[in-house]
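The values are calculated or read from the model by the stated rules, or taken from the named source; none is laboratory data. Source: prediction; values computed, not measured. Don't worry about glycine lacking a Cβ; one is built from the backbone with ideal geometry, like all the others, and counts go over all protein chains shown. Quick note on the areas: whole protein, heavy atoms, side chains included, nothing else; ligands and nucleic acids left out. Shrake-Rupley method; radii C 1.70, N 1.55, O 1.52, S 1.80 Å.
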Amino acid sequence: MALLDVRDVTMKFGELVACDRVTFSVETGTIVGLIGPNGAGKTTLFNCNSGLYQPAGGSIIFNGKDITGRKPYEVARMGAVRTFQVVRPLKEMTVFDNVLAGAFLKTSDNREAFARTAECIRLCNLEAFQDKPAGEMPIGTKKRLEMARALATQPKLLMLDEVMAGMTSTEMKSSVEVILRLKESGITLMIVEHVMEGIMPIADKVVVLDGGVKIAEDAPGAISNDERVIEAYLGAKY
């Protein structure tokens with residue numbers, strides 16, 4: 001069953017078509033990778049899915065409800081939550097309090113929010129950093145903090161935007177472990193990623209955009225051998 005249906009979504013900025021009738025689905029309980037060269041329209045599509053942008057055409061169906069054009073906070077409360085390419089921690093607050101801020105989206109009960117925060121801190125391997133100011137953390141830890149804060153909102157769908165970019169191999173391994181742990185807990189994930197060694201081994205399906213157009217949608221093995229994908233990344237001569 002599809003948790004998210006993106007149907008003919010088009011997004012324009014003036015005369016520039018950033019996404020052109022993009023259609024695909026995200027099945028419940030899966031990890032879907034969204035890849036493509038720089039400028040392919042991946043983050044623009046995330047912005048449409050999360051309510052930051054109002055699409056020029058098409059519809060976005062989440063958990064059986066049309067969320068096209070809904071406000072970001074409405075989409076988040078419905079259970080579709082995203083992170084950002086550029087991390088946005090509340091720098092002066094501790095890691096724990098950053099995650100706690102996310103927990104209060106769905107509850108006003110302090111005890112419930114604190115328990116939820118502690119669980120998200122554990123799931124994202126942040127126990128050693130929870131009392132430290134978020135602004136002092138290295139990039140890999142900040143990316144996991146973004147995941148933990150989003151997770152604290154109790155999402156059904158977690159959309160991660162380049163969560164492994166800029167990480168060391170050790171940090172990336174830790175993040176992959178967290179992602180797989182989240183999937184095991186029942187959360188569906190859609191991940192924009194440029195780090196192929198991070199996303200390809202864990203994705204159930206990969207969607208490829210190029211120039212705002214979907215050029216492929218298949219299992220990772222098939223995508224790796226797709227001539228259109230190879231051309232989009234490496235050029236026609238390859």
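Got a sec? Which of 141, 153, 168, 188 is surrounded by fewer than 15 Cβ atoms within 10 Å (Cβ to Cβ), among the β-branched types (Val, Ile, Thr) and either in contact with a Pro (Cβ under 9 Å, 6 or more places away or on another chain) or closer than 26 Å to residue 91 by Cβ (or both)?
On inspection, the qualifying residue turns out to be 168.
Among the small types (Gly, Ala, Ser) and open to solvent by 70 Å² or more (accessible area, probe 1.4 Å), is that true of residue 56?
Yes.
What number of residues within segment 8-19 satisfy the criterion of being in a strand (DSSP E or B) and open to solvent by 50 Å² or more (accessible area, probe 1.4 Å)?
Residues in segment 8-19 being in a strand (DSSP E or B) and open to solvent by 50 Å² or more (accessible area, probe 1.4 Å): 5 in total.
What's the total number of residues in segment 191-206 that are open to solvent by 50 Å² or more (accessible area, probe 1.4 Å) and of a type outside the set (Asp, Glu)?
Counting residues in segment 191-206 that are open to solvent by 50 Å² or more (accessible area, probe 1.4 Å) and of a type outside the set (Asp, Glu) gives 3.
Just wondering, is there one or more residues in segment 174-192 that are more than 30 Å from residue 112 (Cα to Cα) and in a helix (DSSP H, G or I)?
Looking for residues that are more than 30 Å from residue 112 (Cα to Cα) and in a helix (DSSP H, G or I), one finds none in segment 174-192, hence no.
Within segment 108-133, how many residues turn out to be loosely packed, with under 14 Cβ neighbours inside 10 Å and either touching a residue at least 24 places away in the same chain (Cβ under 8 Å) or not in a helix (DSSP H, G or I) (or both)?
3
Which one of 196, 159, 164 is among the aliphatic types (A, V, I, L, M) and at pLDDT 90 or above?
Going through 196, 159, 164 in turn, the sole match is 159.
Is there any pair with a first residue in segment 20-32 that is under 12 Å from residue 214 (Cβ atoms) and a second that is open to solvent by 50 Å² or more (accessible area, probe 1.4 Å) and in a strand (DSSP E or B) whose Cβ atoms are under 6 Å apart and which are 6 or more apart or on different chains, and what are they?
Partner pairs satisfying both residue conditions: 20/213; 21/8; 22/214; 23/7; 23/8; 24/217.
Out of all the residues in segment 119-138, which are over 18 Å from residue 175 (Cα atoms) and of a type outside the set (Asp, Glu)?
Residues satisfying the conditions are 132, 133, 135.
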